[in-house]
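The values are calculated or read from the model by the stated rules, or taken from the named source; none is laboratory data. Here the structure is a predicted model, which means the values were calculated and not measured. Methodologically, a virtual Cβ is constructed for each residue, glycine included, from the backbone with ideal geometry; neighbour enumeration extends over all protein chains shown.
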Amino acid sequence: MIVALHGFTGRPESWDRTQVLAGARFATPTILGHGAEAPGVTDFDGEVDRLALGFRGASDVLGYSLGARLALGIAARRPELVRSLTLVGVNPGLEDEPSAQARREADELLARSVERDGLAPFVDRWERLPLFATQRSLPEDVRADRREKRLAHDPKGLARALRVLGLGVMPSRWESLSLLQMPITLVVGGEDTKFRGIAQRFRDRRPSTRVEVVPGVGHDVTLEAPEVLARILGGDGASRGASA
C-alpha cells in the first residue's frame, strides 16, 4: 500500500494517472482545506498527526510539494508508520525566523486574495508562477483537467490551508533528517533549479538519500511526467530519471 499525499490546490484524484501507471494500490487522503474539514487542527503538526491516524500499519509514503512536507512530518513524528518515503519537490522547512516571517506574510496575502477575489483569479495567478512555467508546454487537455481540479476547491478552505500548512508555519525538519532510518527518495524536475538545490542540501545532510532528477520537467513531476514517477516507485527510475 502506498499512501499518497497531494499538493496545494490538488485533490486525491491528482494521483490517478501515477497509480494506474505504477500498477499499485494508493490510499489518497484529503488534506486539510482541500475537502477535509478537520475542525480540531490548528497547526501544521496537528495535520501531520491527523493524517497519521489514518494509517493502517507501516506504509510506503509518497508526497508532492505540500504533501511531501506533510509526509516528511509523519516520518519525523511517527517513523514506525513509514516503511519508505518518496518526496516530490520537497522543502524540509525554513531555518531562520526572518525567512519564516516573510513567508507567513506572503501566504497571508495569498489567503486574503483567494477570500476576496474567489478561485478563478487566484488560480490564474497560481498557474502563472515561474515554478509552473514548464507546464505551459503540456497538452491542453492535461492542463485543463488540472485547472478544473483547482477550481473545484472552496476559497475558504484554500485560505485556511495557506495559514495552517504554509511553509512559514511548518516546523523545520532539517535537523531531524539524519535521524530518519527508512529509505528516502527525492524526486525533482530537471528544470526546477530551486528544488534541485534543496535536494542536494537534503542529501548533504543525509548521504544515504537517493535523488532522482527527471530531465525536461519542472516542479510538478506528478503532472508532467507521471510515467517516470511510476517507474521510480517501481524501482526502475534510472532509465528515464537521472540520479543526481
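Quick notes on this one:
- Residues in region 1-42 that are basic (K, R) and under 13 Å from the mean Cα position of the chain (by Cα): 1 in all.
- Against the test of being touching a Ser or Thr at 6+ places or on another chain (Cβ under 7 Å) and outside any loop (DSSP other than H, G, I, E, B), the options K156, K194, K149 yield a single qualifying residue, K149.
This table checks each residue for (1) among the aromatic types (F, W, Y); (2) touching a residue at least 12 places away in the same chain (Cβ under 8 Å); (3) within 21 Å of L158 (Cβ to Cβ).
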| residue | (1), (2), (3) |
| --- | --- |
| H6 | no, yes, yes |
| T9 | no, yes, yes |
| P12 | no, yes, yes |
| Q19 | no, yes, no |
| F26 | yes, yes, no |
| I31 | no, yes, yes |
| E37 | no, no, yes |
| V41 | no, yes, yes |
| D49 | no, yes, no |
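- Complete set of residues in region 43-74 that are among the polar types (S, T, N, Q), within 16 Å of the chain's Cα centre (by Cα) and more than 18 Å from V188 (Cα to Cα): none
- Residues that are of a type outside the set (K, R) and surrounded by 15 or more Cβ atoms within 10 Å (Cβ to Cβ), drawn from region 116-144: L119, F122, V123, W126, E127, L131, F132, T134, Q135, L138
- So P29, is it modelled with pLDDT of 95 or more and of a type outside the set (A, V, I, L, M, F, W, C): yes
- Boolean, G189 is closer than 16 Å to F132 by Cβ and either more than 17 Å from the chain's Cα centre (by Cα) or at pLDDT 95 or above (or both): yes
- Residues satisfying the stated conditions in region 165-211, i.e. touching a strand residue (DSSP E or B) at 6+ places or on another chain (Cβ under 7 Å), among the aliphatic types (A, V, I, L, M) and crowded, with 20+ Cβ neighbours inside 10 Å: L165, I184, L186, V187, V188, A199
- The helices (runs of 4 or more DSSP H) falling completely within region 1-105 that include 1 or more residues that are surrounded by 21 or more Cβ atoms within 10 Å (Cβ to Cβ), in contact with a strand residue (DSSP E or B) (Cβ under 8 Å, 6 or more places away or on another chain) and of a type in the set (V, I, T) map to 16-22, 66-77.
- Residue within region 131-141 that is over 22 Å from P12 (Cβ atoms) and of a type in the set (G, A, S) present: yes
- Residue check, D107 acidic (D, E) and either within 19 Å of the chain's Cα centre (by Cα) or within 15 Å of L186 (Cα to Cα) (or both): yes
- Odd one out for S176, checked against (1) in contact with a Phe, Trp or Tyr (Cβ under 9 Å, 6 or more places away or on another chain); (2) under 14 Å from A75 (Cβ atoms): (1)
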